[in-house]
Amino acid sequence: MNKVTKLLAAALTVGILLGAYGVRAAEQPKYTTKEVMKAIYKGKESLHHKIADGGGSPEDFAKLVEYLPSLQLNDPPVGDKKEWQDRVKKLLAAAKDLKAGKPGALDAYKGAANCKECHTAHKKPEEKH
């Protein structure tokens, strides 16, 4: 190989590595599952309860849409990963519909945000109350 070919091969290799790193970085969740649960679902005064009771604002819906995608990128603590992702997909779709003001979005959100079912399937036994 001559110098130009070696230089091009090195540049291509660096580009591929940087591209692969960029894809991996894009797939990293912004929040952990615990952070999502704390920000959205924890407690009787939670954002979830506010929304489920019909009191959500556009800012509240935007917060849901900001946090929920991280759940898709996090593995479930226990249980089937595909089932987890299917649950989160429904939950995120309902949150996006709330944000867009679509009719029926609140009922879809309430149905998708079934804490007991999700915790039964995916919460570690030592963390269940």
**OP:** Give me the pairs, please: first residue somewhere in the range 87-103 and over 14 Å from Gly54 (Cα atoms), second residue anywhere and at pLDDT below 95 and not in a helix (DSSP H, G or I), beta-carbon distance under 7 Å, and either six or more positions apart or on two chains.
**Re:** Leu91/Ala113
Subject >> Every pair of residues 6+ apart whose Cβ atoms lie under 8 Å, when the first sits in the range 67-78 and is farther than 17 Å from Ala113 by Cβ while the second is acidic (Asp, Glu) and at pLDDT 90 or above >> reply: none
Original post:
Since Gly111 meets every condition but one in (1) assigned to a loop (DSSP other than H, G, I, E, B); (2) within 16 Å of Asp53 (Cα to Cα), which condition does it not meet?
Top reply: (1)
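Table: residues versus (1) buried (at least 16 other Cβ atoms within 10 Å of the Cβ); (2) at pLDDT below 95; (3) part of a helix (DSSP H, G or I); (4) touching a Lys or Arg at 6+ places or on another chain (Cβ under 6 Å).
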site	(1), (2), (3), (4)
Lys63	yes, no, yes, no
Gly79	yes, yes, no, no
Leu92	yes, no, yes, no
Asp97	yes, no, yes, no
Pro103	no, no, no, no
Asp107	no, no, yes, no
Lys116	no, yes, yes, no
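What number of residues within the range 43-63 are in contact with a Gly (Cβ under 9 Å, 6 or more places away or on another chain) and touching a residue at least 40 places away in the same chain (Cβ under 8 Å)? If you could, list the steps in order and put the result at the bottom.
At the first step, the residues of the range 43-63 found to be in contact with a Gly (Cβ under 9 Å, 6 or more places away or on another chain) are 47, 49-50, 58, 61.
Cutting the leftovers down to touching a residue at least 40 places away in the same chain (Cβ under 8 Å) gives us 58.
Residues in the range 43-63 being in contact with a Gly (Cβ under 9 Å, 6 or more places away or on another chain) and touching a residue at least 40 places away in the same chain (Cβ under 8 Å): 1 in total.
The values are calculated or read from the model by the stated rules, or taken from the named source; none is laboratory data. These numbers come from a predicted model, not from an experiment. Heads up, the Cβs are rebuilt from the backbone with ideal geometry, glycines too, and the neighbour counts pull from every protein chain shown.
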